[in-house]
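Undergrad: Would you mind keeping the following structure in view while I ask a few things?
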Amino acid sequence: MSAILSSSAPHEDEIKRRGYASLFQKHTVFLTGSTGALGACLLYKLATQVPTHKIYVLIRGSADLAIRKWKKAMPVQTAPILKSRIVHFVVGDMTKPDFGIDAAVMEDLRRQVTLVIHAAAKITLDADVAEAVENNCLPSLEMARIASRFRRLKMLVQVSTAYVSSFLPDGHVGEKLHSVVAEAGEKGEDEDPEEALRAILRGEGFPYTERFSSTYTHAKYLMERLMLKRFPTLPLLLVRPTIFGPAVRDPYPNYAPENSTPLNKFGMLFLASHGETQTWHAAEGYDTGANTLDEIPVDFVANACLLHAVAGTQGIVHVGSQLFMKVTLDEIMQLAYAHTPEDYRNPLPTVHFVKDRSIPQCFLADLVKVGSRNWLFDCGRSFWLKQLGGPLSLAACQHDVDRIKVKRAAEIFERVPRTVKL
């Protein structure tokens, strides 16, 4: 198992020598979550930027509803997606067996699909753990079961989150499975994920849920372990992005559908707390918010997913700020101050950092639990991707970073109700 989780990509050398375009010509893709921020970006790239053979898109409801959502998020880019004539709609419901897909359509998928990208998720940080598991663990297990019967399958890409390891102390986080039981200091064997799943679904909970940053990240932790246990021979790639940020380039610069970029939401809540003095815990080893808030542009996440998929990478990969630019909590707060109109700066909150963690934090600090942490997510398995050019490039410069900062600050301030307090 450990060898699979850290093995090299079989087609890495070929991609470095000849590029990646020809590899997409061989793929028929089944994509979920196409109306979400990451899924829509993946769809745009698959349909317009690389020569994908065919794309099956799982939708709930109707094609018209999905198209309306695409047009809202990508007003100009939806037309080229549809004109590609390679996008085929599959009506389904991820709460049902076989996702409720028609039997004849399912047989077509079994005969044709070579690449599955499961990007669907329901991120509700305040859900109870059973609801989080039902939304973000069970559908992934069903997707893996369905994919295991695809006759030509080369890869299943499952989008997870880097914060499945949020129970770890600050510091280096490797691209591997980490055990919450071992971290808790328990001796003996690791927890059985099957028994943990049964207990949660029975309403009994799980003794270590509070160690995770949210029930969502706990559900993803459980999902990863169950997929690896139930489907040990499935060609599986677990992609763990950090926090989604606005796009650098695609589908357009600063693409960030509403509620898809947590740091934008944080900025709005921060500015809305007019004139308050906020108490924040300083990260371990720091006096202020000098800790990294690990953010990665959503289009870079899409690029990494696609490049690793055609490279044949299996196991676990992180996609985080090591592949882009580092941003700290201090910098996010300074951004709010720097780009706020002068006549509005006096009511901005004053932040007080403390090292004593027994002192209660402000509401916003408790809400954004990762804000006072300083994990360093290792992205070593993706460093070679930075050598590549073309539409799936991970290249960026300081100009791109500065442009994103200015644009996002303006958008955040426009959305802040000036009379609302937390």
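Undergrad: Run down N254, N264, N259, N303 and say which single residue is within 18 Å of the chain's Cα centre (by Cα), within 30 Å of K71 (Cα to Cα), open to solvent by 20 Å² or more (accessible area, probe 1.4 Å) and polar (S, T, N, Q).
TA: N259
Undergrad: Then there's this: Among all residue pairs at least 6 apart or on different chains, which show Cβ distances below 7 Å where the first residue, located in the range 66-81, is over 14 Å from A47 (Cα atoms) and small (G, A, S) and the second is modelled with pLDDT of 95 or more and open to solvent by less than 20 Å² (accessible area, probe 1.4 Å)?
TA: Hits for this filter: A66/S34; A66/I59; A73/A40.
Undergrad: Considering only helices (runs of 4 or more DSSP H) fully contained in the range 214-316, which possess at least 1 residues that are without any contact (Cβ under 8 Å) to a residue 24 or more places away in the chain?
TA: 262-272
Undergrad: Within the range 317-344, track down each residue that is assigned to a strand (DSSP E or B), crowded, with 20+ Cβ neighbours inside 10 Å and at pLDDT below 95.
TA: none
Undergrad: As an exercise: evaluate G174 against (1) within 19 Å of V57 (Cβ to Cβ); (2) modelled with pLDDT of 95 or more and give the number of the one condition it does not meet.
TA: (1)
Undergrad: May I pose another question? Report yes if F89 is in contact with a helix residue (DSSP H, G or I) (Cβ under 6 Å, 6 or more places away or on another chain) and aromatic (F, W, Y), otherwise no.
TA: Yes, satisfied.
Undergrad: Out of (1) of a type outside the set (S, T, Y); (2) assigned to a helix (DSSP H, G or I); (3) open to solvent by 40 Å² or more (accessible area, probe 1.4 Å); (4) more than 30 Å from Q387 (Cβ to Cβ), the odd one out for G61 is which?
TA: With (1) of a type outside the set (S, T, Y); (2) assigned to a helix (DSSP H, G or I); (3) open to solvent by 40 Å² or more (accessible area, probe 1.4 Å); (4) more than 30 Å from Q387 (Cβ to Cβ) applied to G61, the lone miss is (2).
Undergrad: Something else: Based on this model, can you work out whether D93 counts as more than 27 Å from A247 (Cβ to Cβ) and free of Cβ contacts under 8 Å to residues at least 12 places away in the same chain?
TA: Spelling it out, it is not the case that D93 is more than 27 Å from A247 (Cβ to Cβ) and free of Cβ contacts under 8 Å to residues at least 12 places away in the same chain.
Undergrad: Another question, if that's okay. Looking only at the range 30-55, which residues are under 24 Å from R149 (Cβ atoms), open to solvent by 10 Å² or more (accessible area, probe 1.4 Å) and under 21 Å from the mean Cα position of the chain (by Cα)?
TA: Answer for the range 30-55, where residues must be under 24 Å from R149 (Cβ atoms), open to solvent by 10 Å² or more (accessible area, probe 1.4 Å) and under 21 Å from the mean Cα position of the chain (by Cα): just G33.
Undergrad: Here's a follow-up. What number of residues within the range 200-210 satisfy the criterion of being surrounded by 17 or more Cβ atoms within 10 Å (Cβ to Cβ) and either assigned to a helix (DSSP H, G or I) or of a type in the set (D, E, K, R) (or both)?
TA: 2
Undergrad: Please find, among K16, K71, K96, K83, the residue that is under 21 Å from L394 (Cα atoms) and basic (K, R).
TA: Exactly one of K16, K71, K96, K83 is under 21 Å from L394 (Cα atoms) and basic (K, R), namely K16.
Undergrad: If you go through the range 345-394, how many residues are surrounded by 13 or more Cβ atoms within 10 Å (Cβ to Cβ), assigned to a loop (DSSP other than H, G, I, E, B) and at pLDDT 85 or above?
TA: Residues meeting the conditions: 9.
The values are calculated or read from the model by the stated rules, or taken from the named source; none is laboratory data. All of these numbers come straight from a predicted model, not from anything done at the bench. Cβ atoms come from the backbone with ideal geometry, glycine included; neighbour counts cover every protein chain shown. Surface areas here come from the heavy atoms of the whole protein model, side chains and all, with no ligands, DNA or RNA. Shrake-Rupley method; radii C 1.70, N 1.55, O 1.52, S 1.80 Å.
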